[in-house]
Amino acid sequence: MREEQFIRAIKRRKRKDQWYFVFLLFMGFLSLFPLFSVLYYVVSKGWFDLFSAGFLKPTVGTLEMVLIAMVFAIPLGTGLGLYLYESRGTRMVTVVRYTADLLSGIPSILIGMAVYAVVVISTGTFSLFAGSVALATFSIPYLGREIEDQLIASTSAIKEGALALGATNTRALLQMVMPVMTRPLIVAILFSMSRAMGETAPLLFTTLGNHFWPIGLMSPASTLSLQIYFDALSPNSFVQSQAWTGALILIAFIILLFLVAKWITREESK
Amino acid sequence: MNNMRKHDSDRLFAGTLFLFAVLLILLGLIMVSVMISGSWKSITAFDFSFLSGQIWNPLRHSYGALPFLYGTFVSSLIGLILSTVVGVGTAILLTQFGHIKYVKIATILLDALAAIPSVVYGLWGLFVLVPWLRNTGEPLLKTELGAIPFFNGQIWGVGLLAAGLILGIMMLPTIITVSRKLLDNVPQDLQDGAIALGATRTEKVRMVVLPYSRVGILGAVLLSFGRALGEAIAVTLVIGNSPTISTSLFEPGDSLASVLANQFLEASTHLYLSSLYEIGLVLLIVAVLFHTASKLLIWRVSGRARIL
């Protein structure tokens, strides 16, 4: 019977479709499983030591270093973003954009080596400042590209309006476009801060780590990421367990930055 | 007169912006020149034997980078295979099968996956994944698939397989995000056409959606592969840090980035330091190659729009 064969064929294809769906669900589960496992271990192993004083120094070190990195990265990254937006279409901008993508994407340990060779050797000491320079090196291109994207996405009508009313290009950009850009700019800054905060590799050869309070910006300092790394490598199981506390604090800061970013964009969409 | 001034201020502004671009190019050039000048001694001393040398023993002045190249590529390849299957599968699930509500939640969770720092993945890998591999995962693989040389060897826990798994997890967010955007870009007409012709969802994905976005997905995979090659911290914690070349994935190995993390500050002679710079140079070249190839592929399919 042809009809029966036909129905059987359809049923088989439907069953195959359902199995495929189950397979995809399993893939989705596999994607999220590491997240839940990591969060579970970080919270359950990290919380009991949370309020001991042991992590005050690295926490202060991380915040100081990221903020100093941002002092470099925000103006330079914004300038770069404006350049990329303003000079669209030229050959030079293609080269600059490619370099920016490369610099923000190359293995971060190489940035650590370069900053070691330039800053650490010339100042003669490992330092919190050198770490900031390393973090800024990949934050500048990252911010620049983000800002360029935001400018392209949101502002050409505003700028054209200002130009049509007779404003110079400079005025249109600085007085009309940039105020609208405030929120996207802050969000981009928050994301680059959260990335800079978690980086370890570029700090190994620049900031080195320090068990004591650093003396000013030009001395070795401890950060959360470095502390986690060194604690994890320690043979002492008590020290190892402290690494989880460091991870908890670090992730808490990153989540905080994300929540602030989400809150800012929520306000915007209303 | 007034017109002139307008013009001048714009020119000044454009000039100022140009300085920022020059600064960035300068940063890139410093990067390259540090790597080349740092490794010059090693390049002149070893030539290409540096890349093919199998023994790395600074105490005996023997510098061969092959074990690191091997460990880097093998561990990244394991990560690549796992994360491509899981990541593209997840992207298909989210774009073709998902309900809006679940997709939104999943998106937030995947952002969180991308935001976890590599050192935390390394920590989790060392104290959760590695013990599991040692006690459960690797013995199971050995009894089931021991006939294949990859899964036949002494069991350590740390090693190429552990590094590959961690890299796979770290590559997932990029692959999922880029694949999702590419799958969303498949014209709805084509998809509706497939459904109208009686295709099931599975058949639609296999015959229409995937062929349309294949090249872009390859770009996404290359991009995340290029990043995995340079991951230092997480890999250092789980790969075992032993410069050997072994067929078994259970054996400890070492990678370009992790040997830098471990030995750069300990280099006691000029030649030792210089050969580490050369490893950095090799890593830089490899990363640039993969980055460029993936950008070209993604650009080709997305018409230069920036997907990542």
What residue, of A:255, A:215, A:249, is in contact with a helix residue (DSSP H, G or I) (Cβ under 9 Å, 6 or more places away or on another chain) and either in contact (Cβ under 8 Å) with a residue 24 or more places away in the chain or away from every other protein chain (no Cβ under 11 Å) (or both)?
-> A:249
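If we keep just the residues of region B:263-278 that are open to solvent by 30 Å² or more (accessible area, probe 1.4 Å), touching a residue at least 24 places away in the same chain (Cβ under 8 Å) and within 12 Å of chain A (Cβ to nearest Cβ), which is nearest to residue B:154 (Cα to Cα)?
Checking each candidate, the answer is B:263.
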Of the numbered conditions (1) facing another protein chain (nearest Cβ under 7 Å); (2) farther than 14 Å from residue A:188 by Cβ; (3) hydrophobic (A, V, I, L, M, F, W, C), residue A:69 fails exactly one; give the number of that condition.
-> (1)
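Residue-by-condition table, conditions (1) under 27 Å from residue B:129 (Cα atoms); (2) small (Gly, Ala, Ser); (3) in contact with a strand residue (DSSP E or B) (Cβ under 7 Å, 6 or more places away or on another chain); (4) buried (at least 24 other Cβ atoms within 10 Å of the Cβ):
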residue	(1), (2), (3), (4)
B:173	yes, no, no, no
B:176	yes, no, no, yes
B:187	no, no, no, no
B:191	no, no, no, no
B:239	yes, no, no, yes
B:244	yes, no, no, no
B:248	yes, yes, no, no
Within region A:66-120, track down each residue that is of a type in the set (Phe, Trp, Tyr) and either under 18 Å from residue B:261 (Cα atoms) or in contact with a His (Cβ under 6 Å, 6 or more places away or on another chain) (or both).
-> A:116
How many residues of region B:24-63 are away from every other protein chain (no Cβ under 14 Å), buried (at least 20 other Cβ atoms within 10 Å of the Cβ) and in contact with a Pro (Cβ under 9 Å, 6 or more places away or on another chain)? The answer is 1
Go through (1) assigned to a helix (DSSP H, G or I); (2) more than 19 Å from residue B:51 (Cβ to Cβ); (3) within 14 Å of chain A (Cβ to nearest Cβ); (4) without any contact (Cβ under 8 Å) to a residue 60 or more places away in the chain and name the single condition residue B:220 misses.
-> (4)
Looking only at region A:83-99, count how many residues are part of a helix (DSSP H, G or I), over 10 Å from residue B:21 (Cα atoms) and either of a type outside the set (D, E, K, R) or more than 7 Å from every other protein chain (Cβ to nearest Cβ) (or both).
-> 4
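Conditions tested, residue by residue: (1) surrounded by fewer than 16 Cβ atoms within 10 Å (Cβ to Cβ); (2) among the hydroxyl-bearing types (Ser, Thr, Tyr).
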{"residue": "A:61", "(1), (2)": "no, no"}
{"residue": "A:67", "(1), (2)": "yes, no"}
{"residue": "A:72", "(1), (2)": "no, no"}
{"residue": "A:75", "(1), (2)": "yes, no"}
{"residue": "A:90", "(1), (2)": "yes, yes"}
{"residue": "A:95", "(1), (2)": "yes, no"}
{"residue": "A:98", "(1), (2)": "yes, yes"}
{"residue": "A:101", "(1), (2)": "no, no"}
Taking the residues in region B:77-87 that are within 10 Å of another protein chain (Cβ to nearest Cβ) and among the β-branched types (Val, Ile, Thr) as candidates, determine which candidate is most open to solvent (accessible area, probe 1.4 Å).
-> B:85
How many residues does region B:88-103 hold that are more than 7 Å from chain A (Cβ to nearest Cβ) and either crowded, with 21+ Cβ neighbours inside 10 Å or not polar (S, T, N, Q) (or both)?
-> 9
(1) open to solvent by 40 Å² or more (accessible area, probe 1.4 Å); (2) under 30 Å from residue A:166 (Cα atoms) all hold for residue B:21 apart from (1)
Is there a residue in region A:28-44 that is open to solvent by 80 Å² or more (accessible area, probe 1.4 Å), assigned to a helix (DSSP H, G or I) and within 27 Å of residue A:193 (Cβ to Cβ)?
-> yes
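On the basis of being more than 13 Å from chain B (Cβ to nearest Cβ), part of a helix (DSSP H, G or I), out of contact with any helix residue (DSSP H, G or I) (no Cβ under 7 Å at 6 or more places or on another chain) and of a type outside the set (Lys, Arg), does residue A:179 make the cut?
yes
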Is at least one residue of region A:115-133 under 22 Å from residue A:189 (Cβ atoms) and touching a Gly at 6+ places or on another chain (Cβ under 7 Å)?
-> yes
Could you say which residue among B:281, B:296, B:260 is touching a residue at least 60 places away in the same chain (Cβ under 8 Å), at the interface with chain A (Cβ under 10 Å from one of its Cβ atoms) and touching a helix residue (DSSP H, G or I) at 6+ places or on another chain (Cβ under 8 Å)?
-> B:281
Of the residues that make up region A:152-162, is at least one more than 19 Å from residue A:222 (Cα to Cα), under 19 Å from the mean Cα position of the chain (by Cα) and open to solvent by 50 Å² or more (accessible area, probe 1.4 Å)?
-> no
Can you name the condition, by its number, that residue B:209 falls short on among (1) without any contact (Cβ under 8 Å) to a residue 60 or more places away in the chain; (2) part of a helix (DSSP H, G or I); (3) buried (at least 20 other Cβ atoms within 10 Å of the Cβ)?
-> (1)
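Can we say residue A:138 is outside any helix (DSSP H, G or I) and buried (at least 22 other Cβ atoms within 10 Å of the Cβ)?
No, not satisfied.
Just the residues that are under 26 Å from residue A:150 (Cα atoms) and in contact with a helix residue (DSSP H, G or I) (Cβ under 8 Å, 6 or more places away or on another chain), please, taken from region A:51-70. Give the derivation first.
So the first thing to find is which residues in region A:51-70 are under 26 Å from residue A:150 (Cα atoms), and the list is A:66-70.
Of everything in region A:51-70, those that are under 26 Å from residue A:150 (Cα atoms) and in contact with a helix residue (DSSP H, G or I) (Cβ under 8 Å, 6 or more places away or on another chain) turn out to be A:66, A:68, A:69, A:70.
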Odd one out for residue B:250, checked against (1) within 14 Å of chain A (Cβ to nearest Cβ); (2) over 19 Å from the mean Cα position of the chain (by Cα); (3) of a type outside the set (A, V, I, L, M) | (1)
What is the one condition in (1) touching a residue at least 40 places away in the same chain (Cβ under 8 Å); (2) under 23 Å from the mean Cα position of the chain (by Cα); (3) at the interface with chain B (Cβ under 9 Å from one of its Cβ atoms); (4) closer than 30 Å to residue A:174 by Cβ that residue A:102 does not satisfy?
-> (1)
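The values are calculated or read from the model by the stated rules, or taken from the named source; none is laboratory data. Everything numeric in this text was worked out from a predicted model, so none of it was measured. Heads up, the Cβs are rebuilt from the backbone with ideal geometry, glycines too, and the neighbour counts pull from every protein chain shown. The area values use the complete protein model at the heavy-atom level, side chains included, leaving out ligands, DNA and RNA. Shrake-Rupley method; radii C 1.70, N 1.55, O 1.52, S 1.80 Å.
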